[in-house]
1. Among the residues of region A:225-235, which ones are touching a Leu at 6+ places or on another chain (Cβ under 7 Å) and aliphatic (A, V, I, L, M)?
2. Is it the case that region B:253-272 has a residue that's in contact with a strand residue (DSSP E or B) (Cβ under 6 Å, 6 or more places away or on another chain) and either closer than 20 Å to A:Asp54 by Cβ or charged (D, E, K, R) (or both)?
3. Right, B:Gln21: within 9 Å of chain A (Cβ to nearest Cβ), surrounded by 15 or more Cβ atoms within 10 Å (Cβ to Cβ) and in contact (Cβ under 8 Å) with a residue 24 or more places away in the chain or not?
4. Just to be sure I understand, how many residues within region A:32-45 are modelled with pLDDT of 95 or more and buried (at least 19 other Cβ atoms within 10 Å of the Cβ)?
5. Do we find a residue being surrounded by fewer than 17 Cβ atoms within 10 Å (Cβ to Cβ), in the same structural domain as B:Asp75 (by TED's automatic domain parsing) and under 20 Å from the mean Cα position of the chain (by Cα) anywhere in region B:148-163?
6. Across region A:101-144, which residue is nearest to A:Ser177 (Cα to Cα) among those that are among the polar types (S, T, N, Q) and away from chain B (no Cβ under 14 Å)?
7. Going through region B:24-51 one residue at a time, which ones are within 11 Å of chain A (Cβ to nearest Cβ) and either touching a strand residue (DSSP E or B) at 6+ places or on another chain (Cβ under 6 Å) or in a helix (DSSP H, G or I) (or both)?
8. So, in region A:1-18, exactly how many residues are facing chain B (nearest Cβ under 7 Å) and free of Cβ contacts under 8 Å to residues at least 12 places away in the same chain?
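The values are calculated or read from the model by the stated rules, or taken from the named source; none is laboratory data. Predicted, not measured: the structure shown is a model, and the values here were computed from it. Cβ placement follows ideal geometry from the backbone for every residue including glycine, while neighbour counts extend to all protein chains displayed.
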There are 2 protein chains.
Amino acid sequence: MKCKYWSKQLFDLVPYTPGEQPKINDLIKLNTNENPYPPSPNVAQLLQQFNIGDLSRYPDPNSALLSQALATYHDVEIDNIFIGNGSDEVLAHAFMAFFRQDKPILMPDISYSFYTVYCDLYDIQATPIALKEDFEIQLADYATPNGGIIFANPNAPTGRAICLAEIEKLLQVNQDSLVIVDEAYVDFGAQSATALTQKYDNCLVVQTFSKSRALAGLRIGYAIGHPRLIEALERVKNSFNSYPLDMLAQASAVASIEDDEYFKRSLQTICATRAWTEQQLTSLGFKVIPSKTNFLFVAHASIPAIDIMTFLREKKIIVRHFSKPKIDNYLRISIGTEQQMQQLINQLQAFL
Amino acid sequence: MKCKYWSKQLFDLVPYTPGEQPKINDLIKLNTNENPYPPSPNVAQLLQQFNIGDLSRYPDPNSALLSQALATYHDVEIDNIFIGNGSDEVLAHAFMAFFRQDKPILMPDISYSFYTVYCDLYDIQATPIALKEDFEIQLADYATPNGGIIFANPNAPTGRAICLAEIEKLLQVNQDSLVIVDEAYVDFGAQSATALTQKYDNCLVVQTFSKSRALAGLRIGYAIGHPRLIEALERVKNSFNSYPLDMLAQASAVASIEDDEYFKRSLQTICATRAWTEQQLTSLGFKVIPSKTNFLFVAHASIPAIDIMTFLREKKIIVRHFSKPKIDNYLRISIGTEQQMQQLINQLQAFL
């Protein structure tokens, strides 16, 4: 279906495939790492009270109230914050702003699969660095000349985290290029590099409201870094779309930040459910990669991942599988509610 | 504030400057062509009843319900529709998808100033074509070899429209490249080229919910064209951000389309207010360019635009001025409510 009106760079572009969002009743959806709990009741209240007449006005192009709320929350300045339409947009802008370099960028061979799509989109060369055994990222392997470095911490789809000391070491030996730490899942138990952005001007941290804050439906992501890095992102954003976040998303994000107690409580619940699920899966013969995220990456000792996935799907439980070398016998299972995970374990027990 | 971590293409990038959104009470804001009336009450009802728990899920990446509603509304098929986060994002994707060509693209020398910013962002060459006297776009001037053509109809900031027969002629003589018709303001009285997209595969129409539908605060734009053109846009979008529109924006847009009576009534009111304002301004000595939009582009016979703008600002009325050759003695005045335009005229009478 290509045609002569296309820019020729599009012909070989292979877009990212998001996890499916099936419209099936009573589905237990454990395939896209969404939060099983609703966002803070503050968000509901805000929407109830929102003055609809305001929607005819453009939103604040700079999301200033949200930037300030995030700056306060992370103990940084407002000019350390960049806001985007989900962390996917923030990452896309960052690839364009920083990674169009003469040398290839470095990234783990197994990580968020959108990274290589951005490279194709912006004609960026990338060198994949193999994960170690058991899917560990070894940052010592990244200390070679490069046009930039990106990795997710904790990594996806593996769930493994690396410690801050390792990241700081990398920032020190890699001062000629930017290091992006994608912290989409950091709130579920890993250490954030946010503090390092105040010490190193080559560190950009990216976070999202889609997982821990249960606002995937509203598309809010952000970056934290040195003001010169933020300025580059603003320059790209303002050459692309001045108003990336709508009014309701901006206001809801602020409402979420203001309810820290609810946030922490729901994180605790999810982490407790993760621990229980890990234990159950292990006793069912699964190998479970240690997770600091809201998902588990698991492989069964004897039954192929595809067979398990197919069986679960018949039982209306959806998990995610990646047809990629090294990980094609693994399943990524999002942490749902206690009840949902109990149903998952019940079904697996029956199957195995 | 540039730094070594930037991609070098950013160094000379000059971003678009959106109209200001000042936080001043009792301001009469006539500078960004927003709709002075609220969106359909259907939108308010929808937000009141929205199940907040749904926000923890990703939105439909394809905005299928909204695409279908737009297809029905415009009497086209769903695969003729592409949805984006405001028409700015749709335009940005279109520039990337279609205009990275060997030959320069053509556009009016006076038009939406974001077009040249996209060109800089994606390294696209553009040849400006001068407007005729009184700011008319003469499409006969565009029948030269080119990598694509874009113009706004009605044009901004002039407000002038061209007729469909002229556009159809251009599509016929320009079959080697794509023609984008940016119809942000078309609902206020111009003829839409939507029907031409069903006849010509080199025509892409772009529209928005930000003006006529009073939903600037929610960021909804779309394109209509041949499925092969839509596929190109999808390919870029899915290599950039799978989920451009949040749940509330998608649902609100559908709610707006469903209330056609309210939509038509508010358009009529705005057009009537425009006619009244035009008459008043003319009798005050202004030259008023014939407008098919929700704004008027005006110059006074004897008083410089800057002086008028400065005076109005002191009176808490904000209008827009562009410091550009040919139009720097003009002001662009959005059509507000009847009462707001009465206050504008009162102030101008006092000043002149």
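1. Within region A:225-235, A:Leu229, A:Ala232 meet the criteria.
2. Within region B:253-272, none of the residues are in contact with a strand residue (DSSP E or B) (Cβ under 6 Å, 6 or more places away or on another chain) and either closer than 20 Å to A:Asp54 by Cβ or charged (D, E, K, R) (or both).
3. Judged against the criteria, B:Gln21 is not a match.
4. So the answer is 7.
5. Yes, there is a match, as at least one residue in region B:148-163 is surrounded by fewer than 17 Cβ atoms within 10 Å (Cβ to Cβ), in the same structural domain as B:Asp75 (by TED's automatic domain parsing) and under 20 Å from the mean Cα position of the chain (by Cα).
6. Out of the qualifying residues, it is A:Thr144.
7. B:Lys29, B:Asn31, B:Asn33, B:Pro41, B:Asn42, B:Val43, B:Ala44, B:Gln45, B:Leu46, B:Leu47, B:Gln48, B:Gln49
8. 6
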